[in-house]
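First comes the structure, then the notes that go with it.
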């Protein structure tokens, strides 16, 4: 029999796939962006069900609440500049399908050769219970992974300064 | 489950009294009477308004993007209401016991923006879309000082779990797993452990005095998050009619209004849990007068629930009252003033608070 957790996983998976398909099929670019929202929420739900609570909430905050808002904002600001809505078309269908299949094969290959496969399949102990995941995440970032963490911070600063420079220059020429 | 049912009922009840209070307080501030006709002193005015709204037709304008327009109020309400899941009500009723409580609350509330964008865009009306742009720009900017102000509390308490944060500030501090000691004004060398006195002394703003400024920053940003004056540019009546909900009517308009008042309540609850002692009593034990114990009940029994809910709601309602008071006292900011305040004053101030809290915790606690 299916338990509630399994049903929840499958319903989130179905929601994610259907909304991803909707993003591909719809020709209304803003509807596609909102389809992407549902897709990202579905993935966040899958993370939560897999016990990755912090990752799921971060998905909500960064992708759904941050990046998607920027995408939609961008679409809205550019959409009706000339008075008519932008329609998205389907270009390069065959190369797209080939690339998708290649990535799918790559993922299945990685999954079948990975060491974590067996631990995922065993039902008794999926989630390690030692320590608090959020706490250990914080400690690890500030100790073992300090260098990558600081590098990311520097990269973000460079991006910030760069985008400021680009937007400044455009203003001057205008 | 109990907390869900409580919040659903409380939100509707609060909506009724908050709208009535808003009208009466604004009338008092502007030297008017406010609603007086329906019921004693106009007490039934809100019921009459809601009955009127429920009977009204759902109007879809001809050029509206119908699916977006229809679904937007639901998204706005759900994103707001989902955050109530993690707010603890008393020592027994914890809400959802997720380890990432406050992080989740901030993340899920930010989905509100998408509902506002859908509403503004779906209306296909220039006032609505300008209102939506302003609203989103404002909320995105003010989320940064909001998050930084919360971060100060997180550094103090060492956890994201709202129930754990509440426990540390109450006289049941022994049930908390870490940072259980609270010293008078955060000064350990005085050697006065205020945990057993409880009350107002063990609130986070007094356990760590720099957080008083953090609380002020949180309160200002919470005004901006709920689109209220002096930050009500998204729905500035004199410029934009009603901003992003210009085209809404009937039940959908009622849902948007309820969500707006709900955000006020939510930010007040969060402020109370994070800074003002959550569900714990403000009265300390003074010698033989065990005021804190008398007004807290015994853990595990219904008395603790009743006292916890009473204190939590009383504090939150006081903050809502302050929000209403500020709305009718201060003039609206200009767009550039709004951005200046958010980015040039509140954000650096919140960063400085984090720095001071860190130093204080290293040196004095």
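The values are calculated or read from the model by the stated rules, or taken from the named source; none is laboratory data. Source: prediction; values computed, not measured. As a convention, Cβ positions derive from the backbone with ideal geometry for all residues, glycine included, and neighbour counts pool all protein chains shown.
Some values worked out for this structure:
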{"item": "Condition broken by residue B:136, with the remaining ones in (1) more than 19 Å from residue B:99 (Cβ to Cβ); (2) crowded, with 19+ Cβ neighbours inside 10 Å; (3) away from every other protein chain (no Cβ under 12 Å); (4) without any contact (Cβ under 8 Å) to a residue 24 or more places away in the chain satisfied", "result": "(3)"}
{"item": "Unmet criterion (only one of (1) at the interface with another protein chain (Cβ under 9 Å from one of its Cβ atoms); (2) over 30 Å from residue B:203 (Cα atoms); (3) not in a helix (DSSP H, G or I)) for residue B:159", "result": "(2)"}
{"item": "Selection from segment B:73-95 of residues that are farther than 19 Å from residue B:150 by Cα, more than 10 Å from chain A (Cβ to nearest Cβ) and either in contact with a strand residue (DSSP E or B) (Cβ under 6 Å, 6 or more places away or on another chain) or touching a residue at least 40 places away in the same chain (Cβ under 8 Å) (or both)", "result": "B:73, B:74, B:76, B:77, B:81, B:89, B:90, B:91, B:92, B:93, B:94, B:95"}
{"item": "Any chance residue A:68 is more than 14 Å from chain B (Cβ to nearest Cβ) and modelled with pLDDT of 80 or more", "result": "no"}
{"item": "Options B:359, B:351: the member that is free of Cβ contacts under 8 Å to residues at least 12 places away in the same chain and closer than 30 Å to residue B:187 by Cβ", "result": "B:359"}
{"item": "Selected residue (criterion: surrounded by the fewest Cβ atoms within 10 Å (Cβ to Cβ)) from residues of segment B:36-67 that are over 25 Å from residue B:22 (Cβ atoms) and in contact (Cβ under 8 Å) with a residue 60 or more places away in the chain", "result": "B:57"}
{"item": "Every pair of residues 6+ apart whose Cβ atoms lie under 6 Å, when the first sits in segment B:1-17 and is within 15 Å of residue B:77 (Cβ to Cβ) while the second is part of a helix (DSSP H, G or I)", "result": "B:7/B:84; B:11/B:262; B:14/B:265; B:15/B:258; B:15/B:261"}
{"item": "Boolean, residue B:116 is within 17 Å of the chain's Cα centre (by Cα) and assigned to a helix (DSSP H, G or I)", "result": "no"}
{"item": "Residue match in segment B:68-90 (condition: surrounded by fewer than 20 Cβ atoms within 10 Å (Cβ to Cβ) and in a loop (DSSP other than H, G, I, E, B))", "result": "no"}
{"item": "Wholly enclosed helices (runs of 4 or more DSSP H) of segment A:1-113 bearing at least 2 residues in the same structural domain as residue A:135 (by TED's automatic domain parsing) and closer than 22 Å to residue B:65 by Cα", "result": "none"}
{"item": "Residue satisfying condition, being in contact (Cβ under 8 Å) with a residue 40 or more places away in the chain, surrounded by fewer than 23 Cβ atoms within 10 Å (Cβ to Cβ) and farther than 22 Å from residue B:209 by Cβ, within set B:244, B:269, B:253", "result": "B:253"}
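Table: residues versus (1) within 14 Å of another protein chain (Cβ to nearest Cβ); (2) closer than 27 Å to residue A:136 by Cβ.
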site: A:7; (1), (2): no, no
site: A:35; (1), (2): yes, no
site: A:39; (1), (2): yes, no
site: A:46; (1), (2): no, yes
site: A:58; (1), (2): yes, yes
